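Below: the structure, in C-alpha cells.
The values are calculated or read from the model by the stated rules, or taken from the named source; none is laboratory data. From a predicted model like this one, the values you see are computed outputs, not experimental measurements. When we count neighbours, we look across all protein chains shown, and the Cβ atoms used for this are built from the backbone with ideal geometry, even at glycine.
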Protein chains: 2
Amino acid sequence: MGPRWKGKGAEVKALADPISEIVRQLQSSLICANSRGLLSGTSVLLKADAELTSLLNRACFGRPRVTSEKNEQWFQLSMEEAFYLQYSLKCIKVVDQNDTELNNDVLWKHMTSRKESFPILFKAFSHLRSKNWVVRSGSQYGVDFVAYRHHPALVHSEYAVLVLSAQVGSGRLRVWSDFHCTLRLCGSVAKTLLILDIVPQQSCPTSPSCLDNYVVEEKTITRWSPEQGREKKSLI
Amino acid sequence: MGPRWKGKGAEVKALADPISEIVRQLQSSLICANSRGLLSGTSVLLKADAELTSLLNRACFGRPRVTSEKNEQWFQLSMEEAFYLQYSLKCIKVVDQNDTELNNDVLWKHMTSRKESFPILFKAFSHLRSKNWVVRSGSQYGVDFVAYRHHPALVHSEYAVLVLSAQVGSGRLRVWSDFHCTLRLCGSVAKTLLILDIVPQQSCPTSPSCLDNYVVEEKTITRWSPEQGREKKSLI
C-alpha cells in the first residue's frame, strides 16, 4: 500500500518542501531563540512566536493550545517530542516550574517514572523521526503511533505503528484475537501495520545512553487470504 | 445501537419465526435421528439429511462442508456448538474415531486440553445461546464471538463479544491501546462491544459441573466523546 496523497498536486508540493529541511529550520530557529520548554506532568509546554508557530505546525511537532492571553501561542509537546528536541536535536532546554534546566539524565528519569515504556516508545519515535517520517499519536487507532510520509494536510498516514519489546511488555499482540482486531482495523483505515520490535543488547534503561544499545527490528504485517493461493475448493 | 435489519420485511419475518422455536425443532430432530457427531481435532462433524441441513442452517449451528460424496451433507461444529448440543440440549452424542461415545466429562477434558479458555468461552456461548442469541465466531473482528438477534441473513450482528476472566487470562483489554483498537473497530462495523466477565465462585474447571459456579457479568462499552459534555473550549 503506497502513500495516499490528499488531492491533486499534494505529492509535488511535498517533494518541493522536504520534511528534513523543515525540521532543520525548526532546529535552527529554536536554537536561536534559546527556547525553553516547561515540564508540566507528562507534557512540555513551549511558547512560540509567529515564525516558530509556523515551523512547529509545518514540522508537526506538538499541538497548538488556546490560552487566556491573546498574543501568546503555546505548543504542547508529548514526552517523546520534547525529549527528541532536547536530546536528539539539542535545540530546546526543558525546565521545571522553578525555571531550573533539567539535563538529559534527569529528564529521562522523570519520563521513565511517568511511563514505564518511555524508553522503547522514544526509541521507536526517534527511529522514525530520524528517517523524516512525521510521527503522531496513534491512540485513535489503538496503536502507539501513526507515521506520515509528509504533513498530514498533504497525505494520509501510511503506517499504524505498534512498539513491542520483550523488556517492557506492551501487552499487545499476545493473542490472535488482538492480531485480528488490529489488522482488521488497519485494513479498514487503509494503513499498514508496522511493528517496531525494540531489542535491547544490554539492560540499562536508567539513562538515555541505553538508546544506543537498542536495536530496532521493523516488521510490517498484512492479512493473508487463503483463497488467494487456492486452486479449487478444499474437501474435508 | 439497535438491531440493523437487512432490508424491508426482515424484522417481520424474524418475529414470525423465533430462533427459540427453530432451536427446539432442531433439538427434536437431532434426538429422533439419534445423531452422533464425530470428534475431529477441535471440531465435531455431523452428518445431516435434508431436513436436518435446513434446521442447522436456520438455527445457525455449524458450517456446511463440501464432501467428495455427492449425496452426503456434513456440518462442522465448533467446540462450543458441539458441547452445547450434547451437554445443554442433550440432543447429540459425540463419538471418537472408534465410534465410542464420549460422555460429558471426557468431552470436557478433551476440549479443555485443546483450548485452555474453553470453560469460560463455553460459559459465554451457552449464556448467549440460552437467551436465543445467534452466536458465531468473532475472529474476523478480533473478538471471541459476534451475537445476532436472529439469522445473519435477516440482521447484522449487534454485539462483538469479548470473554474475559481473571481465572484464565484471555490476554485482551489489558492496555488502553487494545481498548482503543477494539472500540474503534466496533464503531466502524456498527457493533456494540459486549464484555462477558466470567467470575468463578470456586475453582474447579476439571468437569462441566463448574459451569454452575460461574457468574456472568455483562458490560457493554462505548466510546465517550469529551466534546459532548463540554460547554466551551478548555484553557490551559
### Message
Condition first: modelled with pLDDT of 90 or more and surrounded by fewer than 15 Cβ atoms within 10 Å (Cβ to Cβ). Can you find one or more residues in the range A:143-161 that meet it?
### Response
yes
### Summary
Filtering the range B:88-99 for residues that are under 14 Å from B:SER40 (Cβ atoms) and surrounded by fewer than 22 Cβ atoms within 10 Å (Cβ to Cβ) leaves a count of 5
### Message
Would you confirm whether or not the range B:173-189 contains a residue that is within 19 Å of B:TRP133 (Cβ to Cβ) and within 12 Å of chain A (Cβ to nearest Cβ)?
### Response
yes
#### Entry: Selection within the range A:182-206 - outside any strand (DSSP E or B) and at pLDDT below 90
A:GLN201, A:GLN202, A:SER203, A:CYS204, A:PRO205, A:THR206
### Positions within the range A:47-92 being under 18 Å from the mean Cα position of the chain (by Cα), at negative phi and within 14 Å of another protein chain (Cβ to nearest Cβ), in sequence order
A:ARG63, A:PRO64, A:PHE75, A:GLN76, A:LEU77
### Query
Residues in the range B:147-171 that are in contact with a helix residue (DSSP H, G or I) (Cβ under 6 Å, 6 or more places away or on another chain) and within 14 Å of another protein chain (Cβ to nearest Cβ): how many?
4
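Residues are listed down the side, and each one gets a yes or a no for (1) crowded, with 20+ Cβ neighbours inside 10 Å; (2) at pLDDT below 95:
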{"residue": "A:ASP17", "(1), (2)": "no, no"}
{"residue": "A:ARG24", "(1), (2)": "no, no"}
{"residue": "A:LEU56", "(1), (2)": "yes, no"}
{"residue": "A:GLY62", "(1), (2)": "yes, no"}
{"residue": "A:ARG65", "(1), (2)": "no, yes"}
{"residue": "A:LYS70", "(1), (2)": "no, yes"}
{"residue": "A:GLN86", "(1), (2)": "yes, no"}
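Matching residues to (1) surrounded by fewer than 22 Cβ atoms within 10 Å (Cβ to Cβ); (2) over 21 Å from A:SER20 (Cα atoms):
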{"residue": "A:MET111", "(1), (2)": "no, yes"}
{"residue": "A:SER117", "(1), (2)": "yes, yes"}
{"residue": "A:ILE120", "(1), (2)": "no, yes"}
{"residue": "A:HIS127", "(1), (2)": "yes, no"}
### Summary
Listed by range, strands (runs of 3 or more DSSP E) wholly within the range A:122-173 having at least 2 residues that are farther than 19 Å from A:ASN57 by Cα are A:159-164
### Query
Which one is farthest from B:SER170 (Cα to Cα), of the residues in the range B:97-145 that are among the aromatic types (Phe, Trp, Tyr) and away from chain A (no Cβ under 14 Å)?
B:TRP133
